[in-house]
Amino acid sequence: MEIWNNYINGAYVPPRSGAYLDCDNPFTGEVWGRVPRSSPEDVEAAVAAASRAFREGPWSTMTQPARAALMRRLGDVVAAHVDELAAIEVRDNGKTYREMKAQVGRIPEWYYFYAGLADKITGEVLPTDRPEHLSYTRREPLGVIGMITPWNSPLNLLAWKLAPALATGNTAVIKPSEFTSASALRFAALVGEAGFPEGVVNVVTGLGGEAGKALVDHPDVVKLAFTGGVDGGLAVYAGAAKRLKPVILELGGKSPNIVFEDANLDNAAQGAVAGIFASGGQSCIAGSRLLVQRSIYDTFVPRVVDLAGRIRLGDPMDPATHIGPVANRPQFDRILQRIEMGRGEGAVVACGGGPATRPGLGKGLFIEPTIFTGVVNGMRIAQEEIFGPALCVIPFEDEADALRIANDIRFGLGAGLWTQDVNRVHRVAAKLQAGTVWVNTYRASSNITPFGGYKMSGLGREGGADMIHEYLQTKSVLVNLSGKYVSPFDL
């Protein structure tokens with residue numbers, strides 16, 4: 001049994017209450033570790049450490065090139081611990097080791113990329129209508145950033161927030177999901193190993209309504225970056241609004257994956273299956289609505305069903321496994337409830353439809369890859385995020401009909417488009433209400449590409465060079481060079 005503690009001001013410290021939460025392995029069903037159930041007092045200590053580091057410590061006077069060097073070093077340190085960090089995440093959330101190793105293996109790129117921007121943050125000298133005045137701007141860090149991360153890709157989604165925040169000179173207090181906290185706690189020690197000053201990065205674990213709420217409400221936390229479900233995002237947004245705190249919210253999705261009759265159908269079928277069943281559907285960008293042109297519907301859908309039937313469920317540490325278990329019991333129960341809801345609405349289960357009972361799955365929280373046909377876009381199963389291995393197949397007539405169905409949703413995170421018509425690519429991409437449109441591919445991502453959503457899928461963008469502006473504020477300075485002040489009063 002591994003016991004983890006909060007990471008505050010460069011050291012591991014136990015929760016003040018002495019209370020801990022179990023870390024469950026979703027494949028074996030065993031408790032393998034414990035993490036702190038932090039109280040507001042623990043959050044207060046972490047925010048105080050981050051605030052001191054921002055205002056008083058060596059971080060506050062460090063030059064931009066020096067910050068960039070530390071970030072490059074952090075990338076190197078993470079690269080040396082990829083196997084260890086990936087294995088921790090597999091134990092916590094049940095995703096395959098192959099996927100987690102690939103994700104963690106890309107994390108250093110985020111720190112290298114933003115290290116390259118850290119020493120290129122500049123202000124401007126501005127023209128003025130008063131020749132005796134010099135006018136210029138400074139780009140300054142905000143302060144203490146609160147970061148709340150989800151259970152599906154813990155360290156990967158943390159890097160999206162932390163790398164640009166550190167590059168711009170901010171400090172951080174991180175509250176990972178209570179289901180997957182161990183990798184963030186281990187990562188925190190690597191930040192210290194890379195040479196970051198004490199208090200720059202702090203991690204407190206616990207429940208959203210306790211530690212998370214305390215972080216959102218703390219007056220010294222000046223901005224919040226959250227990835228998670230819509231309900232959680234709305235709670236963060238409401239709490240932040242009480243103090244006019246800016247937020248970055250990356251929330252849910254119900255992304256359309258659109259297949260036109262002229263597509264390469266072999267590629268499209270593979271993309272449809274991977275788009276939803278990779279990560280066991282536990283991905284905000286999952287292509288959970290498959291829109292198929294009616295002219296190919298009867299031939300294309302059986303291909304997708306056949307491919308889904310070949311997916312291998314099993315031990316997430318086995319390289320032959322395609323899908324591991326669902327990450328936690330509450331989500332497992334929620335997915336099954338949504339599947340039953342789909343049946344009740346009249347959708348037809350073409351494959352799957354319940355818990356997996358294949359040999360070798362033991363006590364794991366497995367659900368069979370599920371495909372619904374006979375779906376109408378207005379059904380709840382087509383409108384509400386399931387966040388699991390369940391696909392809704394919906395036919396469409398033509399381009400206009402595809403766009404109507406695709407955009408008839410409260411979400412707008414991602415969309416897929418399969419066609420060989422280059423003109424259609426640009427017509428449809430321009431009209432899709434989604435933050436990312438994939439064309440003849442799906443789920444590709446990069447630290448260089450901005451990511452975020454339309455509508456209820458969130459606010460702001462993560463990734464890309466412009467991301468550093470999310471963690472900077474602009475100060476204007478006007479200097480009278482004449483040596484004489486002209487008062488507006490005739491005194």
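The values are calculated or read from the model by the stated rules, or taken from the named source; none is laboratory data. Just so it is clear, the model here is predicted, and its values are computed rather than measured. All Cβ positions, even for glycine, are placed from backbone atoms using ideal geometry, and neighbour counts span all protein chains on display. Heads up: the accessible areas ignore ligands, DNA and RNA and are worked out on the full protein's heavy atoms, side chains in. Shrake-Rupley method; radii C 1.70, N 1.55, O 1.52, S 1.80 Å.
About its Cα centre, how strong a charge dipole does the chain have in debye, to the nearest 20, once Lys and Arg get +1 and Asp and Glu get -1 at the Cβ?
The calculation lands at about 420 debye.
Could you give me the ³J(HN,Hα) list for the stretch 176-183, computed from phi with Karplus coefficients 6.51, -1.76, 1.60 and θ = phi - 60°, whole Hz, x at Gly and Pro?
Those phi angles translate into x, 4, 5, 7, 9, 9, 5, 5 Hz.
Only helical DSSP H runs with n ≥ 4 go in: add -39500 (n - 2.57) per run for the chain, normalise by residue count and round the 222 nm mean residue ellipticity to 500 deg cm²/dmol.
-11500 deg cm²/dmol
Work out how much length Thr299 to Val348 would gain on full extension: take 0.36 nm times their residue separation and subtract the Cα-Cα distance, in nm to one decimal.
Additional length available on full extension: 15.9 nm.
If r is the Cβ-Cβ distance from Arg358 to Asp306 and R0 is 22 Å, what FRET efficiency results, to the nearest 0.05?
0.80
For the stretch 386-391, what does the Karplus curve 6.51 cos²θ - 1.76 cosθ + 1.60, with θ = phi - 60°, yield as ³J(HN,Hα) per residue in whole Hz, taken in order and with x for Gly and Pro?
Once rounded to whole Hz, the list reads 9, 6, x, x, 9, 10.
Give the residue list of trypsin sites (Lys or Arg not before Pro) in the stretch 51-140 that are DSSP loop and have at most 14 other beta-carbon atoms within 10 angstrom.
In loop regions of the stretch 51-140 (DSSP not H, G, I, E or B), the sparsely surrounded trypsin sites (Lys or Arg not before Pro) are Lys120.
Percent of alpha carbon pairs in the stretch 404-463 separated by more than 19 Å?
30 percent
For Lys455, which lysines qualify as cross-link partners when the Cα separation must be under 16 Å and same-chain residues fewer than eight apart are set aside?
The qualifying lysines are Lys254, Lys431.
Using a probe of 1.4 angstrom, how much of the accessible area of the stretch 178-259 is carbon and sulfur, in percent?
Carbon and sulfur: 57 percent of the exposed surface of the stretch 178-259.
Past the 28 angstrom mark, what percentage of all C-alpha to C-alpha distances in the chain do you count?
The share of Cα pairs beyond 28 Å in the chain comes to 55 percent.
Which of rounded, prolate, oblate describes the stretch 277-350, given a ≥ b ≥ c as roots of the alpha-carbon gyration tensor eigenvalues and a/c under 1.5 marking rounded, otherwise prolate only if a/b is larger than b/c?
Oblate.
Given Gly460, Pro395, Met379, which one lies farthest toward the positive end of the charge dipole of the stretch 336-491, if we put +1 on the Cβ of every Lys and Arg and -1 on the Cβ of every Asp and Glu?
After comparing all options, I get Gly460.
Tell me which residues come under 5 Å, amide H to amide H, from Ile248 once H is placed; ignore anything under 5 positions away on its chain.
Distant-sequence amide H within range of Ile248: Leu224, Ala225, Phe226.
Take the alpha carbon atoms of the stretch 4-26, find their center, do the same for the stretch 63-138, and report the distance between the two centers in whole angstrom.
26 Å
Do any GluC sites (Glu not before Pro) in the stretch 41-106 lie in a loop, going by DSSP, with at most 13 other beta-carbon atoms within 10 Å of their beta carbon, and if so which?
Qualifying residues, ordered by number: Glu56.
Which of the trypsin sites (Lys or Arg not before Pro) across the stretch 453-491 are loop residues per DSSP, with 11 or fewer other Cβ within 10 Å?
Listed in order of number, the matching sites are Lys484.
Taking θ = phi - 60°, what integer Hz values does the Karplus form 6.51 cos²θ - 1.76 cosθ + 1.60 yield along the stretch 112-126, in sequence order, with x for Gly and Pro?
Couplings: 5, 4, 6, 4, x, 9, 4, 9, 10, 7, 9, x, 9, 8, 10 Hz.
Can you tell which of Leu251, Ile405, Ser476 lies farthest toward the positive end of the dipole of the chain, using +1 and -1 charges on the Cβ of basic and acidic side chains (Lys, Arg; Asp, Glu)?
Looking along the dipole axis, the top candidate is Ser476.
Show me, bin by bin at 10 Å from 0, the whole-percent P(r) of the stretch 200-252 based on Cα pairs.
Result returned by the calculation: 25, 60, 16.
Rounded, prolate or oblate: pick one for the stretch 1-121, where a ≥ b ≥ c are the square roots of the eigenvalues of its C-alpha gyration tensor, a/c under 1.5 means rounded, and failing that, prolate if a/b is larger than b/c, else oblate.
oblate
How big is the accessible area of His133 in square angstrom, nearest 10, if you roll a 1.4 angstrom probe over the protein chains?
Roughly 40 Å² of His133 is accessible to a 1.4 Å probe.
How would Thr61, Thr449 rank on accessible area, largest to smallest, probe 1.4 Å?
Ranked list, largest accessible area first: Thr61, Thr449.
Can you count the Lys pairs in the stretch 99-232 with C-alpha separation below 24 Å, eight or more apart or on different chains?
Eligible lysine pairs with Cα atoms under 24 Å apart amount to 10.
Considering only Gln282, Gly324, Ala159, whose Cα is most displaced toward the positive end of the charge dipole of the chain, charges sitting on Cβ of Lys, Arg (+1) and Asp, Glu (-1)?
In the chain, that residue is Ala159.
Taking H as built 1.01 Å from N, whose amide H comes closer than 5 Å to the amide H of Thr205, not counting residues under 5 places away?
Those qualifying (amide H under 5 Å, at least 5 residues apart or on another chain) are Ser38.
With each label point set 7 Å from Cα along the Cα-Cβ vector, what nm distance links Asp83 and Ala444?
My value for the distance between the label points is 3.1 nm.
Taking amide H atoms as placed 1.01 Å from N in the peptide plane, list the residues 5 or more away in sequence, or in a different chain, whose amide H sits under 5 Å from that of Tyr20.
Hits under the 5 Å cutoff: Arg37.
Separation of the stretch 214-281 and the stretch 436-483 by C-alpha centroid, Å?
16 Å
Could you give the dipole magnitude of the stretch 318-411 about its Cα centre, charging the beta-carbon of Lys and Arg +1 and that of Asp and Glu -1, in debye to the nearest 20?
The dipole magnitude comes to about 540 debye.
At a threshold of 8 angstrom on Cα-Cα distance, excluding pairs fewer than six apart, so keeping six or more, what relative contact order does the stretch 233-375 reach in percent?
This gives 19 percent for the stretch 233-375.
Once the piece of chain linking Glu397 and Asp490 is laid out straight, how much longer is it, given 0.36 nm per residue of separation minus the C-alpha distance between them?
This chain segment gains 25.9 nm when fully extended.
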